[in-house]
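Asks: Before we start, here is the structure in question, set down as structure tokens.
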Number of protein chains: 2
Amino acid sequence: MQLIKVAIWGFGAMGQGMAEMLLTKRGVDIVGVCDINENFVGKTVEDILKSDYQCQTPIEQDIDSMLDNTKPDLVLLCTDSFVKGAYHKIEKILKKKINCITTAEEMAYPLESHPEMAKAFDDLAKENGVTLLGTGINPGFIMDLMVVALSGAMVDVEKIKVERINSLSPFGPAVMEEQGVGDSLERYHERVKNNQLDGHVGFRQSVDMIFKGLGLKPSKFEQQMKPILTSIDRQTKYATAKKGTLAGVNMTAQGYLENQLFLEMSHPQQIEPEAEGVRTGDYIYLTGKPNVQMAISPEIDGGLGTIAVCVNMIPHVLNARPGLKTMLDLPVPRAILGDMRDMLDITK
Amino acid sequence: MQLIKVAIWGFGAMGQGMAEMLLTKRGVDIVGVCDINENFVGKTVEDILKSDYQCQTPIEQDIDSMLDNTKPDLVLLCTDSFVKGAYHKIEKILKKKINCITTAEEMAYPLESHPEMAKAFDDLAKENGVTLLGTGINPGFIMDLMVVALSGAMVDVEKIKVERINSLSPFGPAVMEEQGVGDSLERYHERVKNNQLDGHVGFRQSVDMIFKGLGLKPSKFEQQMKPILTSIDRQTKYATAKKGTLAGVNMTAQGYLENQLFLEMSHPQQIEPEAEGVRTGDYIYLTGKPNVQMAISPEIDGGLGTIAVCVNMIPHVLNARPGLKTMLDLPVPRAILGDMRDMLDITK
């Protein structure tokens, strides 16, 4: 059997991490990479990766020629957070009859937040006989799929609380800027006012996925952002948060069922949380019959987690029926320690 | 759309629990129940259940007439732990072109432990256009599916340790007898010698499921049973373990990869574990990139968990392609709080 041919569109931290992961796996080949970053012109994958892996696949600027020449089985699309930005890219991939996994947070469950686009994608994927999936560690896994999966061992569910308390310390300057790290309270309020601070993207999608998974419709969805002010100086390789400035932001969200609070989400992200005694972790509290209380501490690493979930879903996407899928529709992701081709359903 | 028609074969604790659960759900009907227990002759479901639910479905002794008259979409088979005992029952169900979910522990992953029977079931299910699944809380969910699912957020896995420390206190006399509760050490050794003490059934299947899920083949599988002796008197509603006798048994198992220990399983089950300071819970330790450490404490209730996983998998089994499936092949189970029919894939 031929190697599974994967292309990567967007060669930032996530795209590079996926390339590195793929280079350790058997049965799969990185046939093409596309990124518009001018620093990458004339370079190959091994030139950019900070590791010893060999891969002379060039980083190309023209997506059409890359896809047409390499004819991948699947594209890992790592360019956008929002459906709006990813729309035409996904459309292009599907029209070329190529399967797609995207990290775009809003694509993890667009069926309720973007119903028309979701319908258009589903139709287009089916017309072209390919499958589209949006996923990552969050949304896509820890604050939604795992909640749904644990509810599977319950006769009834009355209430749900989900917390992801994580450290931003390993991340680079782009994430620090997105999360307001080091901002004064004044600058934070100005950025919020001007819609320049997104914080975590994907709560709406996680809430929709959980409700839909359990066969429910939320009567209301709400979301809040609050600054996390540090009472001491905090320092990482890429960021400084002086006493009194933002160490990060705390996002919270609620899903209501017939106007009763049913689902609470909490996701404070900050640099150096240990500095003020905050213990990081992923927590899921399901109240019902029976109660189920899960803790993963420390939290699942956000960068590696997103890279792994996307790559580990490749065989499931190739096996799936055509259309727009979510993590609710497919078997669970799993670490691939053998040959990736052995996970393909040849009876498909 | 018609109600989903479910029949239950075996009306012990599990079958009764599933009936009670189904009676709280919308979109599904219990069309038939079969059990050879003579105490059930002439009785209906509501006569037996210790609850206020109304259900006048009779408990029948003749499985053929029950299945032929009620024509269920799916049978919940709750009669056996071993493939050997369940074989002809499953064969009968599949030949009548009825989907089947069974609690038989060895059916949770029979592909390696019983390859010929598994192949025969897969062929028979496909010939008859129906789907067969073995599942439950363990094997089927907490010590295998959840391990595989968490590995999905990992780039690489080096080693796995899984522990389920649970209380037997809620269980009845049959389980106490199976687990040796109250036995003297002498009687324990005698029962082990005569193959009269099974302890937990399903480690082999869980180990196979994890290895197969990750694309690996174990080079060796080992399993041990040890008595848990109590140093104080312990008492439950159904059992007594005097000081010096068995409070339960501790099962352990190991899976080796190229003769290196890769997977460790530990499952001590006893009455009143708190009496000697044992904290119950489900624990999964995945070593790799990144490490993932999960704790669910107290453990997911074994009885309710098995009931819930089996019932919650009904729509997934009805949606699946024909054949013998495992929890690795299907989407994650989820609590069904809406109409069960809304979870059917009408485009199938």
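We did not get these values from a lab; they are worked out from the coordinates using the rules stated. Because the structure is a prediction, the values reported are computed rather than measured. Every residue, glycine as well, gets a Cβ built from its backbone with ideal geometry; the counts of neighbours run over all protein chains shown.
Asks: Among DSSP beta bridges whose residues both lie in chain B, state the antiparallel percentage, nearest 5.
Replies: Details: 37 of 66 bridges.
Rounded to the nearest five, the antiparallel share is 55 percent.
Asks: I'd like the antiparallel share, as a percent to the nearest 5, of DSSP beta bridges with both residues in the protein assembly as shown.
Replies: Values: 78 of 136 bridges.
Once the DSSP bridges in the protein assembly as shown are tallied, antiparallel ones form about 55 percent.
Asks: Here is a further query. Report, in whole Å, the centroid distance computed from the Cα atoms of the stretch B:279-320 and the stretch A:254-324.
Replies: 15
Asks: Once the label point is set 7 Å along the Cα-to-beta-carbon vector, what list of distances in nm do you get between B:Y53 and its counterparts in the other copies?
Replies: So the label point of B:Y53 gives 5.0 nm to the other copies.
Asks: Find out how many positive minus negative residues lie around B:V278, taking Lys and Arg as positive, Asp and Glu as negative, among other residues whose Cβ is under 12 Å from that of B:V278. Intermediate values should be presented prior to the final figure.
Replies: On the way: positive: B:R234, B:R279; negative: B:E163, B:E272, B:E274, B:E276, B:E299.
Summing Lys/Arg as +1 and Asp/Glu as -1 gives -3.
Asks: What does the average come to when, for each residue of peptide B:278-289, you count the partner chain Cβ atoms lying within 10 Å of its Cβ?
Replies: Numbers: counts 0, 0, 0, 2, 3, 0, 2, 0, 3, 0, 4, 7.
What the average comes to for B:278-289 is 2.
Asks: Now, a different point. Mean residue ellipticity at 222 nm from the helices of the protein assembly as shown, using -39,500 (n - 2.57) per DSSP H segment of n ≥ 4 over the full residue count, to the nearest 500 deg cm²/dmol?
Replies: Details: 24 runs with 206 residues, N = 696.
Per the formula, -8000 deg cm²/dmol.
Asks: Taking amide hydrogens as modeled 1.01 Å from N in the peptide plane, which residues meet the under 5 Å criterion relative to B:T131, leaving out close sequence neighbours?
Replies: Answer set, sorted by chain and number: B:N99, B:C100, B:G323.
Asks: On to the next question. Hey, which aspartates and glutamates would be in cross-link range of B:K226, C-alpha to C-alpha under 17 Å, not counting anything within fewer than 8 residues on its own chain?
Replies: Those aspartates and glutamates meeting the cut-off are B:E163, B:E177, B:E178, B:D183, B:E186, B:E190, B:D198, B:E264.
Asks: Moving on. Can you spot the lysines whose alpha carbon is less than 18 Å from B:K237's alpha carbon? Ignore those fewer than 8 places along the same chain.
Replies: Within the straight-line cut-off, B:K237 pairs with B:K50.
Asks: Sticking with this structure for a sec: Please report, in whole Å, how far the alpha carbons of chain A spread along each principal axis, starting with the longest.
Replies: Each principal axis gives a Cα extent; for chain A these are 54, 48, 37 Å.
Asks: Right, something else. Mind sorting A:S297, A:S81 by how few other Cβ atoms lie within 10 Å of their own Cβ, fewest first?
Replies: So the ranking, lowest neighbour count to highest, is A:S297, A:S81.
Asks: Along Cα→Cβ at 7 Å, what distances in nm separate the B:K97 label point from those on the other copies, shortest first?
Replies: Spelled out, the distances from B:K97's label point are 3.5 nm.
Asks: Additional query: In terms of modelled amide H atoms, which long-range or inter-chain residues lie less than 5 Å from the amide H of B:T57?
Replies: B:V45, B:E46
Asks: Mean shadow of the stretch B:125-242, computed from the convex hull of its alpha carbons, in nm²?
Replies: Values: hull surface 44.8 nm².
Its average projected convex-hull area is 11.2 nm².
Asks: Kindly flag which residue pairs out of A:K159/A:K217; B:K96/B:K325; A:K159/A:K325; A:K84/A:K159; B:K5/B:K89 have an alpha-carbon separation exceeding 22 Å in this structure. Write down the numbers at each step before the final one.
Replies: Details: A:K159/A:K217 14 Å; B:K96/B:K325 18 Å; A:K159/A:K325 26 Å; A:K84/A:K159 33 Å; B:K5/B:K89 19 Å.
Check vs 22 Å cut-off fails for A:K159/A:K325; A:K84/A:K159.
Asks: While we're looking at this one, here's another question. Computed over the Cα atoms of the stretch B:12-87, what is the ratio Rg over Rh, Rh following Kirkwood? If you can, show how the numbers build up before the last one.
Replies: Numbers: Rg = 12.4 Å, Rh = 13.2 Å.
Rg divided by Rh gives 0.94.
Asks: Tally Lys and Arg at +1 and Asp and Glu at -1 over the other residues with C-beta under 15 Å from the C-beta of B:L23: what net charge comes out?
Replies: -2
Asks: Counting other C-beta atoms within 10 Å, which of A:T230, B:T79 has the fewest, and how do the rest follow? Could the numbers behind the result be given before it?
Replies: Working: A:T230 23, B:T79 19.
Result, fewest neighbours first: B:T79, A:T230.
Asks: Give me the base-10 log of I(q)/I(0) for the stretch A:188-318 at each q in 0.11 Å⁻¹, Debye formula, one uniform scatterer per Cα, rounded to two decimals.
Replies: -0.54
Asks: Roughly how many nanometres apart are two label points built 7 Å out from the Cα toward the Cβ at B:A13 and A:S297?
Replies: 3.2
Asks: Considering only the other residues whose Cβ falls under 14 Å of the Cβ of B:Y188, what net charge follows from Lys and Arg at +1 and Asp and Glu at -1?
Replies: Values: positive: B:R187, B:R191, B:K193, B:K226, B:K242; negative: B:E177, B:E178, B:D183, B:E186, B:E190, B:D198.
It works out to a net charge of -1.
Asks: Could you give the nm distance between label points at B:N37 and B:K226, where each point is 7 Å from its Cα heading toward the beta carbon?
Replies: 3.6
Asks: Give the separation of the Cα centroids, the stretch B:115-185 to the stretch B:57-102, in Å.
Replies: Cα centroid to Cα centroid, the span is 21 Å.
Asks: Could you tell me the ratio Rg/Rh of the protein assembly as shown? Both radii from Cα atoms, Rh via Kirkwood.
Replies: Numbers: Rg = 26.1 Å, Rh = 26.6 Å.
Rg/Rh: 0.98.
Asks: Could you list B:F141, A:F82, A:F40 in order of exposure, starting from the residue whose Cβ has the fewest other Cβ atoms within 10 Å? Kindly include the intermediate steps, with their values, before the conclusion.
Replies: Working: B:F141 29, A:F82 14, A:F40 19.
By the 10 Å Cβ count, ascending: A:F82, A:F40, B:F141.
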